[in-house]
Amino acid sequence: MSDPAAWTLVEAADAVADKKISSVELTRGAIARAKAWQPKINAFIALGEEAALDAAKHADASPVKGKLHGVPLAHKDMYYRKGRVASCGSAIRRDWKAQTTATALTRLDDAGAIDLGTLNMAEFAFGPTGHNYHYGHCRNPWNPSHMTGGSSSGSGASVAARIVYGALGSDTGGSIRMPSFCNGLVGIKPTWGRVSKAGAMPLSWSMDTVGPLTRSVADAARILGVIAGADPEDTTAASVPVDDYEAACGKPVSGMRLGLPQGYFDQNIDPQIASAIEAAAKIFEKLGVKLVPVKMPDLDAINAAGTMITGAEAASAHRAWLADMPEKYSEQVRARLSTGLAIPAVAYLDALRNRAAAIPGFVADVFGQCDALLCPVSDRTVPTIAETDVGGGPAMGPLLAALTRLCRPFNVLGLPSLSVPCGFDKAGLPLGFQLAGRPFAEATLFALGAAYEKETPWSRMAPQA
């Protein structure tokens, strides 16, 4: 039998279901890897060893419960589990215990998953780099001097290090796709409303999305299929039927149209990233996908609207704490939230109105020409922790805006986007692209991503402990 640590989530789940390995064995292996990696990458805030082993023993003694039966996962420490501390990566909530359980966790539980613990994250999910001044910075397992991306930093690091088989992140402006890019993973930011946010810490109510970071496209499809769907606890969760995402991963892609953006996404891109995406486009073309140049509308305006919306909504959520205990925030998060407090209500409402008006035109104009867009996740290779350690000073705004420039438009527009690894740079750090599509067209993205993945070795490559 091959090393279970190298398996995908789908392979691990199938092995448990077929009695080829026990959940206890999988879970003990994950715990051992977590302990070995933790001093190097600081991926966990809390490792629930005893509870996880008890759950694994119960899984082994029970009939197969669902598609994740007996598989150890771990999640960003912003998903509430009743009675458990959910720090949200903050000092303010260091000892706060949740009074309810997030819908996404309940659905994973119902599918038989094992919860290994809570993962490091940017404070209150408000940072794209992975820095955390309360629990220590999360570090990239490919090179610990480099950033993991954020805010789902521990999710990216733990899955890349092959500690767990998948992890929930959240994405308000790139916080699933950036860690996926930085750590060589697959990450799906679903359509806004595709997954319930009930019991997940809010940052920006109108742009927050819930999704997984995984080792393969099929893994992401399996988890999204479990957690997606309407929820009476979240009125923004859409009642649109959930497609069979795993089946989509085997769908032929010949004849599909893949848009190559002209403008915005092709500006000031590092040559290594541009070359990797060009190579990916050639693979898609070999698979029979038609490559279509697509002129981009003005996304700078969309991006600016997103920054304003996130800033205002986050500041509103934190207004009381900012007044009562500002010293408990890190310098950067306090500075960003304080900026949000200064946004006029008229400007915020105008941004919401302009966004609503822009979505139908973008979808009609762009996806009238193609089935999906092929775009960079980032315009730069993975920076170091030192290079991005700007605190709340003058460099903060330009750096954070630049890091999220290529991700944020799809949050503002509410569109699904799948991050897929596509190689490595000269320094040995991962590279990746994102596929973006129409609302609720996740199945199309999975089909394209899986077809590409089958032709390349990237998803099977892992950092050395």
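The values are calculated or read from the model by the stated rules, or taken from the named source; none is laboratory data. Keep in mind the model is a prediction, meaning the values are calculated, not measured. Neighbour counts are summed over all protein chains in view; Cβ atoms, including those assigned to glycine, are modelled from backbone coordinates with ideal geometry. Note: accessible area is taken over every heavy atom of the protein model, side chains too, but ligands, DNA and RNA are not part of it. Shrake-Rupley method; radii C 1.70, N 1.55, O 1.52, S 1.80 Å.
All of LEU291, LEU322, LEU260 fail the test of being free of Cβ contacts under 8 Å to residues at least 24 places away in the same chain and among the aliphatic types (A, V, I, L, M), apart from LEU322. Residues being of a type in the set (S, T, N, Q), within 22 Å of ASP171 (Cα to Cα) and under 25 Å from the mean Cα position of the chain (by Cα) are represented in the range 285-308 by at least one member.
Here is the figure for the range 418-455: residues that are over 22 Å from ALA237 (Cα atoms) and polar (S, T, N, Q) total 2. Sort through LEU374, LEU445, LEU415, LEU400 and tell me the only one that's under 24 Å from ASN183 (Cα atoms), in contact with a Gly (Cβ under 6 Å, 6 or more places away or on another chain) and open to solvent by less than 30 Å² (accessible area, probe 1.4 Å). From the options LEU374, LEU445, LEU415, LEU400, the qualifying one is LEU445.
Scanning the range 343-364 for residues that are among the aromatic types (Phe, Trp, Tyr) and over 19 Å from ALA314 (Cβ atoms) yields a single hit, PHE362. Are any of the residues in the range 217-227 touching a Lys or Arg at 6+ places or on another chain (Cβ under 8 Å), of a type in the set (A, V, I, L, M), open to solvent by 10 Å² or more (accessible area, probe 1.4 Å) and touching a residue at least 40 places away in the same chain (Cβ under 8 Å)? Checking the range 217-227: at least one residue is touching a Lys or Arg at 6+ places or on another chain (Cβ under 8 Å), of a type in the set (A, V, I, L, M), open to solvent by 10 Å² or more (accessible area, probe 1.4 Å) and touching a residue at least 40 places away in the same chain (Cβ under 8 Å). From ASN132, ASN143, which residue is surrounded by fewer than 24 Cβ atoms within 10 Å (Cβ to Cβ), of a type in the set (S, T, N, Q) and over 26 Å from ALA12 (Cα atoms)? Residue meeting the stated conditions: ASN143. Applying the set (1) part of a loop (DSSP other than H, G, I, E, B); (2) of a type outside the set (D, E, K, R); (3) over 13 Å from the mean Cα position of the chain (by Cα) to GLY149 leaves exactly one unmet item: (3).
Cβ-Cβ distances below 6 Å connect the following pairs, each with a first residue in the range 86-109 that is under 17 Å from ALA43 (Cα atoms) and hydroxyl-bearing (Ser, Thr, Tyr), a second residue that is in a loop (DSSP other than H, G, I, E, B) and at pLDDT 95 or above, and a separation of six or more residues or different chains: SER87/ASP77; SER87/ARG93; SER87/ARG94. Taking (1) under 30 Å from LYS328 (Cβ atoms); (2) among the hydroxyl-bearing types (Ser, Thr, Tyr); (3) open to solvent by 40 Å² or more (accessible area, probe 1.4 Å) in turn, SER87 satisfies each apart from (3). Is it the case that SER62 is small (Gly, Ala, Ser), at negative phi, surrounded by fewer than 24 Cβ atoms within 10 Å (Cβ to Cβ) and in contact with an Asp or Glu (Cβ under 6 Å, 6 or more places away or on another chain)? No; evaluated as a whole, the condition is false for this residue. Of everything in the range 377-397 that's open to solvent by less than 30 Å² (accessible area, probe 1.4 Å) and hydrophobic (A, V, I, L, M, F, W, C), which residue is nearest to the chain's Cα centre (by Cα)? Residue satisfying both the conditions and the ranking: VAL377. Residues that are farther than 24 Å from ASP389 by Cβ and assigned to a loop (DSSP other than H, G, I, E, B) do occur in the range 102-111. For the range 24-58, the set of residues classified as hydrophobic (A, V, I, L, M, F, W, C) and under 12 Å from ILE114 (Cβ atoms) consists of VAL24, LEU26, ALA30, ILE31, ALA51, ALA52, LEU53, ALA55, ALA56, listed by residue number. Residues in the range 112-146 that are in contact with a Gly (Cβ under 6 Å, 6 or more places away or on another chain) and either assigned to a helix (DSSP H, G or I) or within 18 Å of LEU429 (Cα to Cα) (or both): GLU123, PRO128, THR129, GLY130, CYS138. Would it be correct to say that ILE273 is farther than 15 Å from CYS370 by Cβ, within 24 Å of the chain's Cα centre (by Cα) and touching a residue at least 12 places away in the same chain (Cβ under 8 Å)? The answer is yes for ILE273.
Taken as a whole, the condition of being farther than 25 Å from GLY130 by Cα, in contact with a helix residue (DSSP H, G or I) (Cβ under 9 Å, 6 or more places away or on another chain) and part of a loop (DSSP other than H, G, I, E, B) applies to PRO252. Considering GLU285, GLU246, the condition of being exposed (fewer than 15 other Cβ atoms within 10 Å of the Cβ), assigned to a helix (DSSP H, G or I) and not hydrophobic (A, V, I, L, M, F, W, C) is satisfied by GLU285 alone. Checked against (1) over 16 Å from the mean Cα position of the chain (by Cα); (2) open to solvent by less than 30 Å² (accessible area, probe 1.4 Å); (3) over 19 Å from VAL159 (Cα atoms), LEU68 passes all but condition (3). A single member of ASP266, ASP300, ASP208 is open to solvent by 50 Å² or more (accessible area, probe 1.4 Å) and in a loop (DSSP other than H, G, I, E, B), and it is ASP266. Within the set PRO430, PRO416, PRO439, the sole residue that is under 21 Å from ALA218 (Cα atoms), modelled with pLDDT of 95 or more and within 14 Å of the chain's Cα centre (by Cα) turns out to be PRO416.
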